[in-house]
Structures are given as C-alpha cells and as structure tokens.
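Report on one structure; see the data block that follows.
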Amino acid sequence: MSLRIKNIFNNKSKKLATFTTGGDPDLETSIKIIETIINNKVDIVEIGMPFSDPMADGPTIQLSSNRSIMKGTSLNDIFKISSHIRKYKEDIPIILMGYYNVIFHFGIKNFVNKCVESGIDGLIIVDLQPEEDSDLYDKLKLQNINLIRLITPTTDKERLKLILNNASGFLYYVTITGITGQHSANMEELKKSINLIKSFSNLPIMAGFGIKDANDVKKICQIADGAVVGSSIVKIIEQNLSNKNKILELVDKFTKNLISGTKL
Amino acid sequence: MKTKNSYKQLPDEKGYFGKFGGRYVSETLMPLILEVEKEYNKIKNDNQFQNELKYYLKNYIGRPSPLLFAERITENLGGPKIYFKRDELNHTGAHKINNCMGQILLAKRMGKKRIIAETGAGQHGVATATVCALFGLPCIIYMGEKDIKRQSPNVFRMKLLGAEIRSVSTGSKSLKDAMNEALRDWVTNVRNTFYIIGTAAGPHPYPAMVRDFQSIIGKEVREQIIKAENKLPNLLMACIGGGSNAIGLFHEFLDDKDVEMIGIEAAGHGLNSSKHAASLTGGEPGVLHGNKTYLLQSNEGQIEEAHSISAGLDYPGIGPEHSYLFEEKRIAYMSATDAEAIEAFQYCCKLEGIIPALEPAHALAVLIKIAKNYSKDNIIIMNMCGRGDKDIFTVAEELKIKL
C-alpha cells in the first residue's frame, strides 16, 4: 500500500478529498488551485485526467474536461502537475482519476513508470472493474501504487467480495446510482451500505458523488471515513473563467468551509 | 481464441473476440449487465421465447425479407450476378428492428419498465420507439443535435410513436455523444431501465446479443441463395457504422471459407482528410462505450469526431467482433466517400427502382467498383439494410436541389 495513503488514515479524524480536472482552466492556474486546496489542509487530492467522453460525469465535469482538452492538456501535462504538487507537499496522497482509454493508449507500462516518477499514490479508473483491471493492477502493485476500487449502491455481496479481493489504499463509495454533480444520497441507505462494507473490510471508506457543500460533508462524515467533493469546486472555475484570481480566492474560501464539515 | 477452424464460437465467457470486447463500464452498471447476460443465456435455448420472437419477426416485421436478383445492375456492370438482401423492406425500413424486437422481449422478461436507446440516423430510434409502442413501454431516445437536424423525418416518426426525444448537445452532437448520454441515463435509472443498444457494440453481452438477433439475415440468405442458385455466394458485402447489419449477414458464413466478405466503412471527405468514419482503416485499438475495439482517436487517446454524410455510419468506433475479424483478415474492410455514396444512391434509384438509405449506398459504391474483378458465374450479395426515404433531404441538399 502507498505509505502516504496509509499514514493519512492512521488517525480517526474524518478526511476530505477534492477533485479538480488537471489543466482546467489552464496548466498554471490548475496547479495554483490545487496548492490553495492543500494550504487548507485537505487530506487527499484527486487530479482528473481529462477525457473526451466522460460517461460517469455530469455536465460540470464534462465541461471542465472539455476545457482542459481544448487547452491542449496532455497526459504528460498531468504528470507535470503531479510532480509539481509532490514537490509542494511531500506527504499528501495524490490520486489520478479518469477513464481507461487515455491510459491504455499511453501504454500501461509507460503510464505506471510516469506515475512512479511523479509521485502518484493511487488511481481511480471509473470504467475499469476488477474483471478487466489485472494488466494495470499487477504493474501498479509492484510500485506500491493503489488501484482504488469503486463500490456503488448496486454492488451486491458477491461482487463486493470480488472488489475487496486485492483492494488496497481506501475504498471509494459512490453514494448514488448516477453521475457526478447531481442529487444527494439517502443517508439511511448510505448507512446500511457502509455498514455492510465495513463488515467485510477494514479499509477506510471515502464517499463521493453528489456531495456539494460543508453541510453534505458533515452528514457524510457521520457515516463514512471521509468525503470527496468535485463538481462544486469545478463549478467555481466554470463561473469565473475570466478572473483567475477570483477562482483562487473563492476556492480558498470554499475549501475552508468544506474542511469545517469534517470536524464533527 | 477461436476454436479449431471456427470463427463462430466467440466471444469467450468474458466477452472477448480475441483481444477485443470485454466489459468496461461503471461499477454501478456491472450487476445489471451481468444480469442481462444471465437472462440472455437463458432465452437462447428457451423455446417459448424463441417462438414468440419468431411470431413477431414474421407477422410484425415481415420476415423473411426477400433476396432480389438485381437484374439491371447485373446487366449494367456486365459481370457477376448481383443480389440484394432486402432488409429495407422490414417494418420501419431497416434491419434495426430485428434487434429491437429481440431486446424488448428480453426487457419484458426481465420486468423492466422503461426503455432507453441512442440513435444516429434515427432508424434505431424509430425501431425502438416502434417496439415500445407495440408493448406499451415508455421510451426515451437520445439523439445528437446535429442528427436531429439532418434526420427530421425520423424525429417526427419517433414522436408519433410516442417516444420522448432528448437532444444531446455535448461533444460532436452525434451518435457517440447520444450513446454517452444514454449511458448516463442508464447509470441513473439502472434499476428499472433497459438500454436497447442499436449496434453490435457496447459491454458484453451486447455485441454477441445484437449479432445473434441480426444473424437471422445471414441465415435467411443461405436458404434463399441455395434455392435460387443452388450454391453459396462468392462475396458478401455490407456497410459498417457499428457493424450490426454486416455481422448479421456475415456471421452465418464465417466458417464457409470460400465465401469472401467485405465490410464498407464511411470515408467521408476521404481517408486522408480528418473527416471520415473509418475506424478500422483509420483508427487504433482503444476502450469506449463498454468495449475494447478500434477507435478514431488522437495521439492523447481522446476520441475524435467521425464524419459521414450518412448519420448511421457517423460513429468513431466499431463493434469488437469486426475488430477481431479485421485483424484475423477473415473479412476485408474497404471504404466509400460521401460523394461516391451519393452517386451510388442515384444509380440504384434509376436502375432498380429502389431508393436505398445512404448507409447501404456506401456498400453499393464499392460493389460497383470491384464487380469487374468477378466473373459472370460469380454471385455477390449485398445487404440493402435500409431504405432512403429518410435521406432525401440530405441528398437534395448535396445535389443543390431545392425541394
């Protein structure tokens, strides 16, 4: 397991992870946004690798992905961002999140090498389930990089066992059946699902999808080990494209607020 | 891998045709897709299901579709005997409904209460809306904004049939993006919704299931040509977007090693331009819409926009079985440009009195070119997979004729 991920979960405090698309609105600002987030003591940063056809994402992240591609963001640029963030903050876990084609096309071996070079701790690949992930998993494991597995409200007990077999780092629980940035989860159902997973695994569980503000973070943190917020941050970028300083200012304010949701 | 001397045993249990296919979807969809596979495996050998399907194929769709000896085209080309498999005579005017009928019967059996589908040319949308009306299920069709404009007659037909059309304005605003939106809907409404995918692509078991429902085309052809000529054809031809009509015709003959096959992709403005839809000749292997297959993509693995005058071929991917048969060299893949298709379209109208859809017009364009390589005692069968009523506005515009 990645040491950084392991260390972060060494204490019982609730965790906050943020998602932003790498290269949105541009390379430099994208780095500054993540630095701003880190300055507010966020626990984990997820960097999105833009893809032309993000099937699991709602309009906000679709547009963000598209903006980044239009700016010419390459996978090598994403690794530049990661390397920079790694230098900026030695101990923060960095997770790359995205879709399989970008990695497959880059070449799995090449991709894993670049992950090692740029200090990546984990990967979340939305369209790659245990049935198909062994090529990537085997190479990541040799480098102690975690392939973070996704569990959803439709995952049954049988699949849960399959997913937990080889799972490492933490588990990502998708709180709703749906895409990113939409409605919020039903807390009663969420509680049942998290309890079920906990009865099979000791891994920490981060919950994501539809978590919009500090209030949502607070609710989620009463049930899971932490919350992931993406679309709400990306929305700040979308609404302030002409004023990059304002983006940083608002992200700073918003992250502070989100963090307050983790203090129960 | 293929069993000894057979191409017809694929996919394997993980849904692979060689190295193509598989299941690349969100975890949310996995349990449902596994359930679809389980139910599909059951109905394959279920007499009650198969008899019900047969009943509707015959009485509702009008199968078997005729196999026509195209006399005037044969005479005009002066070489091999040309036959058309007349799947454009099916109810709703294309081969698409063969598959929709099979899938909706499966959806009903699984107790699903809501149907979604994507459409490009609108033929699959119309076919889905039709079977939904027949069985009284609500139907939502995702269609790219660009396609809604160029296929307005089909949009109106779908509305008449009671379907709700959702316009997709993301990305290239055509078939690929409609499929993205349909997948987003499915993931959101996974528990009550069945997704009727229109082509032989997507996560396993869709490529195999769609192929099986379409393979009625090739099975009928075998009987019909033996009856008419007492021998097998030398060459089979069909156009390819995702490739469902082509695999439907070809699959039955894959192990007949003397039967040659050509799939025709859309070359748009030409293969050397960036505006075409020839995934095999101009693409590389990748992962999109649930399967590993040949895709048009950039150096960064971003999916590129396809282009074809025919909305039904305007897709940057292709079914995984075609990718496999391409690499195995069992099927040859060629292409025809927009201009060549328009020419073949008019040729067919004048010589045979058949207004073909722009999709099979691509296949015909290549047929016209290569017929001279075959002798008079050879037989070529082309799948006339759709009729061209939907395309008359596009063709008129191309010919600069005001309607």
Exercise for review: Being surrounded by 23 or more Cβ atoms within 10 Å (Cβ to Cβ) and part of a helix (DSSP H, G or I) is the filter here, so list the residues in region A:11-30 that pass it.
Suggested key: A:S30
**Study point:** Candidate set: region A:137-159, residues that are within 14 Å of chain B (Cβ to nearest Cβ) and part of a strand (DSSP E or B); chosen: the one farthest from A:K191 (Cα to Cα)
**Key:** A:L147
Practice item. Mind listing whichever residues of region B:233-274 are assigned to a loop (DSSP other than H, G, I, E, B), surrounded by 15 or more Cβ atoms within 10 Å (Cβ to Cβ) and without any contact (Cβ under 8 Å) to a residue 40 or more places away in the chain? Key: B:V259
**Study point:** Check on A:L162, within 14 Å of another protein chain (Cβ to nearest Cβ), within 26 Å of B:P203 (Cβ to Cβ), in contact with a helix residue (DSSP H, G or I) (Cβ under 7 Å, 6 or more places away or on another chain) and not acidic (D, E)
**Key:** no
Exercise for review: Report yes if some residue within region B:79-91 is of a type in the set (V, I, T) and closer than 22 Å to B:L235 by Cα; otherwise report no.
Suggested key: yes
Exercise for review: Might you let me know whether region B:177-198 holds any residue that is among the acidic types (D, E), in contact (Cβ under 8 Å) with a residue 40 or more places away in the chain and within 24 Å of A:Y100 (Cβ to Cβ)?
Suggested key: yes
Practice item. Would you be able to tell me the number of residues in region B:294-322 that are in a helix (DSSP H, G or I) and either within 14 Å of chain A (Cβ to nearest Cβ) or surrounded by fewer than 20 Cβ atoms within 10 Å (Cβ to Cβ) (or both)? Key: 1
Practice item. Give A:S134, A:S193, A:S118 a once-over and let me know the one that is hydroxyl-bearing (S, T, Y), in contact with a helix residue (DSSP H, G or I) (Cβ under 9 Å, 6 or more places away or on another chain) and either in contact (Cβ under 8 Å) with a residue 12 or more places away in the chain or within 12 Å of chain B (Cβ to nearest Cβ) (or both). Key: A:S118
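Results for (1) crowded, with 24+ Cβ neighbours inside 10 Å; (2) assigned to a strand (DSSP E or B); (3) in contact with a Leu (Cβ under 6 Å, 6 or more places away or on another chain); (4) without any contact (Cβ under 8 Å) to a residue 40 or more places away in the chain, shown as yes or no for each residue.
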residue	(1), (2), (3), (4)
B:P360	yes, no, no, no
B:A365	yes, no, no, no
B:I368	no, no, no, no
B:A371	no, no, yes, no
B:I392	no, no, no, yes
Check your understanding: Do any residues in region A:226-254 that are farther than 14 Å from A:D24 by Cβ have Cβ atoms under 7 Å from those of residues that are part of a helix (DSSP H, G or I) and of a type in the set (V, I, T), where the two are at least six apart or on different chains, and which pairs are they?
Key -> A:A227/A:V217; A:A227/A:I220; A:V229/A:V217; A:L250/A:I236; A:D252/A:T36; A:F254/A:I233; A:F254/A:I236
Check your understanding: Of these, B:R86, B:R63, which one is away from chain A (no Cβ under 14 Å), in contact with a strand residue (DSSP E or B) (Cβ under 6 Å, 6 or more places away or on another chain) and among the basic types (K, R)?
Key -> B:R86
Exercise for review: Scan A:I33, A:I44, A:I38 and give me the residue that is surrounded by fewer than 19 Cβ atoms within 10 Å (Cβ to Cβ), of a type outside the set (S, T, Y) and within 16 Å of the chain's Cα centre (by Cα).
Suggested key: A:I38
Exercise for review: Pairs only if they're at least six apart or on different chains, beta carbon under 7 angstrom, first in region B:330-358 and closer than 21 Å to B:Y83 by Cβ, second acidic (D, E) and surrounded by fewer than 21 Cβ atoms within 10 Å (Cβ to Cβ); list them, first residue then second.
Suggested key: B:I355/B:D389
Practice item. Determine whether region B:209-231 contains at least one residue that is in contact (Cβ under 8 Å) with a residue 12 or more places away in the chain, assigned to a loop (DSSP other than H, G, I, E, B) and in contact with a strand residue (DSSP E or B) (Cβ under 8 Å, 6 or more places away or on another chain). Key: yes
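Here's the yes/no breakdown for (1) aliphatic (A, V, I, L, M); (2) surrounded by fewer than 21 Cβ atoms within 10 Å (Cβ to Cβ); (3) in contact with a Ser or Thr (Cβ under 6 Å, 6 or more places away or on another chain):
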{"residue": "B:I148", "(1), (2), (3)": "yes, no, yes"}
{"residue": "B:L161", "(1), (2), (3)": "yes, yes, yes"}
{"residue": "B:I196", "(1), (2), (3)": "yes, no, yes"}
{"residue": "B:K219", "(1), (2), (3)": "no, yes, no"}
Practice item. Identify all residues within region B:275-293 that are free of Cβ contacts under 8 Å to residues at least 40 places away in the same chain and part of a loop (DSSP other than H, G, I, E, B); write none if there are none. Key: B:K275, B:A277, B:G283
Exercise for review: Run down B:A127, B:A133 and say which single residue is in contact with a Leu (Cβ under 6 Å, 6 or more places away or on another chain) and assigned to a helix (DSSP H, G or I).
Suggested key: B:A133
Point to revise | Selection count, region A:50-98, where residues are within 12 Å of chain B (Cβ to nearest Cβ), outside any loop (DSSP other than H, G, I, E, B) and hydrophobic (A, V, I, L, M, F, W, C) | key: 6
**Study point:** Leading residue by the ranking (surrounded by the most Cβ atoms within 10 Å (Cβ to Cβ)) among those in region B:323-358 that are assigned to a loop (DSSP other than H, G, I, E, B) and at negative phi
**Key:** B:A357
**Study point:** Members of region A:99-115 that are within 11 Å of A:S2 (Cβ to Cβ) and within 12 Å of chain B (Cβ to nearest Cβ)
**Key:** none
Check your understanding: Does at least one position in region B:23-35 carry a residue that is in contact (Cβ under 8 Å) with a residue 24 or more places away in the chain, surrounded by 14 or more Cβ atoms within 10 Å (Cβ to Cβ), in a strand (DSSP E or B) and not aromatic (F, W, Y)?
Key -> yes
**Study point:** Pick from region B:1-36, criterion within 12 Å of another protein chain (Cβ to nearest Cβ) and of a type in the set (D, E, K, R), ranking: nearest to B:S323 (Cα to Cα)
**Key:** B:K19
**Study point:** Candidates B:S167, B:S215 - the one that is within 22 Å of the chain's Cα centre (by Cα), surrounded by fewer than 23 Cβ atoms within 10 Å (Cβ to Cβ) and more than 22 Å from B:V259 (Cβ to Cβ)
**Key:** B:S167
Exercise for review: Kindly establish whether A:I61 is modelled with pLDDT of 95 or more, crowded, with 24+ Cβ neighbours inside 10 Å and either under 13 Å from the mean Cα position of the chain (by Cα) or under 24 Å from A:N144 (Cβ atoms) (or both).
Suggested key: yes
Exercise for review: Inspect region B:383-391 for any residue being farther than 26 Å from B:N98 by Cα and in the same structural domain as B:E71 (by TED's automatic domain parsing) and give the result as yes or no.
Suggested key: no
Review point. Taking region A:227-255 as the search range and keeping residues that are under 18 Å from A:N215 (Cα atoms) and over 18 Å from the mean Cα position of the chain (by Cα), which one is surrounded by the fewest Cβ atoms within 10 Å (Cβ to Cβ)?
Key: A:K253
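The values are calculated or read from the model by the stated rules, or taken from the named source; none is laboratory data. Computed from a predicted structure; not experimentally measured. Every residue, glycine among them, receives a Cβ derived from its backbone with ideal geometry; neighbour counts consider all protein chains shown.
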